[in-house]
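The values are calculated or read from the model by the stated rules, or taken from the named source; none is laboratory data. On a predicted model such as this, the values are computed, not experimentally measured, just so you know. Cβ: placed from backbone, ideal geometry, glycine included. Neighbour counts: every protein chain shown.
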Number of protein chains: 2
Amino acid sequence: MNHDAINLRDKLALFPEHWSPRVVAEMNDVQFKLAKLQGEFVWHAHADTDEVFIVIDGELAIEFRDGEVRLVAGEMFVVPKGVEHRPVATEECCVMLVEPRGVVNTGDAGGAYTAANDIWV
Amino acid sequence: MNHDAINLRDKLALFPEHWSPRVVAEMNDVQFKLAKLQGEFVWHAHADTDEVFIVIDGELAIEFRDGEVRLVAGEMFVVPKGVEHRPVATEECCVMLVEPRGVVNTGDAGGAYTAANDIWV
């Protein structure tokens, strides 16, 4: 059996792209993805699943139609399924996303920010 | 909708007990639990699910029958379902566990370390 720790900062150092989640681990059908965010993402929702954001470095705002949450390193938030949201990071922010395998980053919105899925780092 | 960030260190400050996981968030049927570990836990396995350990503070060894993994803050590991393991922390270690709702901390082993389940903090 593999006995290697997964070091989140080491994994983050392996890719520079923004808005391009990379899978680092799976638990059953749930994936743990690292992503670097900067700027304003697209408004979107995930119709079939909640989505977890855990901030590792930097600051992240998640805007909703009725408000927003602001997260710093060491904080997390669960976006309920079906809820429209827009991540915004003024400076580069590193996050871990937790969601079922197969979730597309832009949800129902599509468009230029849609990233390839299931890419491991 | 609730727009409050979940601050992991603030939540950890709310309970002192070792080996007593507290739920801080749910994504679909998956729970995110904080726990403080110190000493040697019991050998056990979870027959039906993988189990994720993410170290927030301190150092954790997870022993297996064929080796071990050592984790520091910012590192994670997925214990595959059915694999016997024993967490050991020489000094107090704070972790986030990610696993389906209903998983008991001692798995198939039972005994004095078995904690009440589904306790939120």
Legend entry - Test: residue in the range B:40-63 that is at pLDDT 95 or above, part of a strand (DSSP E or B) and more than 14 Å from chain A (Cβ to nearest Cβ): yes
Legend entry - Pairs where the first residue, in the range A:11-23, is under 14 Å from A:Val104 (Cβ atoms) and the second is in a loop (DSSP other than H, G, I, E, B) and not small (Gly, Ala, Ser), C-beta under 7 Å, 6+ apart: A:Trp19/A:Phe41; A:Trp19/A:Asn105; A:Trp19/A:Tyr113; A:Pro21/A:Asn105; A:Val23/A:Asp118; A:Val23/A:Ile119
Legend entry - Residue ID - surrounded by the fewest Cβ atoms within 10 Å (Cβ to Cβ), chosen from residues in the range A:30-57 that are under 25 Å from A:Asn7 (Cα atoms) and β-branched (Val, Ile, Thr): A:Ile56
Inset, instruction - Run B:Val88 past the list (1) touching a residue at least 40 places away in the same chain (Cβ under 8 Å); (2) assigned to a loop (DSSP other than H, G, I, E, B) and report the number of the one that doesn't hold. - result: (2)
Legend entry - Set B:Leu60, B:Leu97: member being hydrophobic (A, V, I, L, M, F, W, C), without any contact (Cβ under 8 Å) to a residue 40 or more places away in the chain and under 18 Å from A:His3 (Cα atoms): B:Leu60
Inset, instruction - List the number of the failed condition for B:Leu71; all other conditions in (1) closer than 27 Å to A:Asp48 by Cα; (2) buried (at least 21 other Cβ atoms within 10 Å of the Cβ); (3) within 10 Å of chain A (Cβ to nearest Cβ) hold. - result: (1)
